[in-house]
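One structure below.
Quick note: the coordinates plus some simple rules give every number you see, no bench work behind them. In this text, all values refer to a predicted model and were calculated from it rather than measured experimentally. As a convention, Cβ positions derive from the backbone with ideal geometry for all residues, glycine included, and neighbour counts pool all protein chains shown.
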Amino acid sequence: MSEASCAVVLFTGDLRVHDNQALAAAVAECELVVPAFVLDEHLLGVVGANANRLTFLLECLRDLDDALRARGARLVVKRGEPVAETIKLARRFKARSIHVGEDRTPYARERHERLAKACEEERIGLHSHLGSSVVAPGALTPTGGSHYRVFTPYWRAWRALPVRPAAPTPRQVHPPDGLPAPRLPALRSLTSAKPSPELTKGGESEARRRLAGWVRGGLSHYGSTHDDLAAEDTSRLSPFLHFGCISPRTVLERCDDRPGGEEFIRQLCWRDFHRQVLADRPDLPRADYRPRGDRWRRSPKDADAWREGLTGYPIVDAGMRQLAREGFMHNRARMVVASFLTKTLYIDWRRGAAHFASLLLDADVANNVGNWQWVAGTGNDTRPNRVLNPLRQAERFDRQGDYVRRYVPELADVEGRAVHQPWLLSAAERRALGYPAPIVDHAEAARELLARRRG
Ligand code: FAD
């Protein structure tokens, strides 16, 4: 009797069973499938301190195992070097091929090249599937260029492309005999850092629930309220997209042709935009995309005040405290705090991006660095010297001050819009608050920035 054919599916940034091209292709190709995830020692070293992302990741893996179990299989979880561990599994189960969800970060590309070499040596077929973008990096290029540098033309070209059909969701996944039961490590064996107290729960089930709720609820008024800090009227899907608990294609399909859909899909396109820049400019996490001759200030004291949410500018401090509390920050607040660090304090965007990466659930090389460079004026912004005035931003996007009161407990009793300018309160009132005075004069700092950049 001939042996049943077997394939390994290596899950990476696609922790889901719906619209998962790698899983669907493995099930279509072979009778038996080994679903596997490797906790990469290298990445654990890099992101080890981000207890938030690790907490979320473990929840994703638990949920993925549940989904696979409902289909007859289990998720094999290994810890170590992903290429070696995957090849070991393929040998053990005599797999003839490996299907992998491919990503295009510099590290993922290097890992993929090593995997391709090992598969060639072992005579195992390797099939990669790009499901983490709607449009794969490099699939769209402008005339005469290797990537789009400006968003609007990219958005037009991106929107005009037909969307690929969804990968079928397998009803059954047949594992080979002897598939080990998953052993998920405890968080404390991966990091000594403590997660933020109010993290969103991870996993595909939660992502699908959230998307369904979003389509029924927030989406229709996204265009008018997505910048309202207190309303929290955004989808909060970014961590789920980052871990691939839901495919961006599914999000697009569910939101298309609905009220609010176009504005929302335009935001989703930003994700692919930054990915195609990074794929072509792998030095982006370190080097300025468009150098402006900046000689950044080194001020550990100011950088610490920013990180701790103690700058004396309530809207900035509220954003930074939301990040510490939830591992998440509203997009408008991200822009305000990033502008404050790079343009008001004139501190290197790399320091801000590193702090975000240590706490954000959705921290993602392309989006984090791309957006930081955009705000710092070293990236793709066509108006690189615009400076966001924290007070004006607060008055526009936190009209009644509710966002500040929610995240800055020292200011919780200051009523109305007065919360945005505590320095106008009486000396006795200010003393009673225990909230710091502004560490810098914003207007003066903005003038200095322009002088530096022009000079
Ligand atoms: P929604 O408003 O509901 O938008 C839907 C989806 O569109 C998001 O989930 C996200 O995938 C995508 N999106 C929206 N805005 C952007 C954008 N500007 N760039 C790229 N994709 C976008 N986003 C990340 O996913 N990871 C990061 O590490 C990250 N770092 C950022 C750093 C800075 C300094 C700034 C200004 C923005 C950053 N963003 C990052 C973009 C944006 O803030 C988040 O994607 C958004 O706040 C996530 O919330 P949401 O899912 O509710 O977004």
* Name the aspartates and glutamates eligible as straight-distance cross-link partners of LYS301: C-alpha to C-alpha under 20 Å, and not fewer than 8 places from it in the same chain. => ASP317, ASP348, ASP441, GLU444, GLU448
* Taking each pair of different alpha-carbon atoms in region 211-337 once, compute 1/r for the pair, average those values, and report the inverse of that mean as the Kirkwood hydrodynamic radius in Å to one decimal. => 17.0
* To do: Sequence neighbours fewer than 8 away in the same chain don't count; with that in mind, list the lysines whose C-alpha is under 20 Å from LYS117.
  => LYS88, LYS94
* Share of Cα-Cα pairs in region 122-186 beyond 19 Å, in percent? -> 61
* Per q in 0.23, 0.30 1/Å, what log10 I(q)/I(0) does a Debye calculation on the alpha-carbon atoms of region 244-297 return? -> -0.89, -1.15
* Asked: Using all Cα-Cα distances in region 343-411, what percent lands in each 5 angstrom bin from 0 up to the longest?
  -> 3, 15, 18, 17, 23, 18, 5, 1
* To do: With runs of 4+ DSSP H residues as the only contributors, calculate the mean residue ellipticity of the chain at 222 nm using -39,500 (n - 2.57) per run, divided by the residue total and rounded to the nearest 500.
  => -14000 deg cm²/dmol
* Overall Cα dimensions of region 75-176, principal axis frame, Å, largest first -> 49, 33, 24
* Structure fact -> GluC sites (Glu not before Pro) in region 9-85 lying in a DSSP loop, each with at most 13 other Cβ atoms within 10 Å of its Cβ, come to GLU31
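How much space per residue, in cubic angstrom, does the convex hull of the C-alpha atoms of region 22-78 take up?
Dividing the Cα hull volume of region 22-78 by its residue count gives 83 Å³.
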* Structure fact -> In the chain, whole DSSP H helices that both stretch 20 Å or further along their axis by alpha carbon positions and average at least -1.0 on the Kyte-Doolittle scale are 51-69, 261-280
* Structure fact -> Given 68-78, 17-27, the highest-first ranking by average Cβ count within 10 Å works out to 17-27, 68-78
* To do: With a ≥ b ≥ c taken as the square roots of the eigenvalues of the C-alpha gyration tensor of region 181-250, please select rounded if a/c is under 1.5 and otherwise prolate if a/b is larger than b/c or oblate if it is not?
  => oblate
* Asked: Remind me, relative contact order of region 1-87 in percent, using alpha carbon pairs under 8 angstrom and six or more residues apart?
  -> 35
* Structure fact -> About its Cα centre, region 201-270 carries a charge dipole, from +1 on Lys and Arg Cβ atoms and -1 on Asp and Glu Cβ atoms, whose size in debye to the nearest 20 is 340
* Among the GluC sites (Glu not before Pro) within region 376-455, which fall in a DSSP loop and have no more than 16 other Cβ atoms within 10 Å of their own Cβ? -> GLU415
* For region 304-424, rounded, prolate or oblate, judged on the Cα gyration tensor with a ≥ b ≥ c (square roots of eigenvalues), a/c < 1.5 rounded, else prolate if a/b > b/c? -> prolate
* To do: Please report the base-10 log of the normalised intensity I(q)/I(0) for region 25-141, using a Debye sum with one equal scatterer per alpha carbon and no solvent, at each q in 0.11, 0.14, 0.15, 0.19 (1/Å).
  => -0.41, -0.68, -0.78, -1.25
* Distance from region 393-420 to region 109-181 (C-alpha centre basis), Å -> 44
* Asked: What is the magnitude of the charge dipole of the chain about its Cα centre, with +1 placed on the Cβ of each Lys and Arg, -1 on the Cβ of each Asp and Glu, and no other charges, expressed in debye to the nearest 20?
  -> 620
* Asked: Do any trypsin sites (Lys or Arg not before Pro) in region 277-347 lie in a loop, going by DSSP, with at most 15 other beta-carbon atoms within 10 Å of their beta carbon, and if so which?
  -> ARG286, ARG292, ARG295, ARG297, ARG298
* **Histogram of C-alpha separations across the chain, 20 Å bin width, %** => 23, 54, 21, 2, 0
* For region 420-429, just list the computed ³J(HN,Hα) in residue order, Karplus coefficients 6.51, -1.76 and 1.60, θ = phi - 60°, integers in Hz, with x standing in for Gly and Pro. => 7, 9, x, 5, 8, 6, 5, 4, 5, 5
* To do: List the residues whose amide H sits under 5 Å from the amide H of LEU39, counting only those 5 or more places along or on another chain, with H placed 1.01 Å from N in the peptide plane.
  => LYS78, ARG79, GLY80
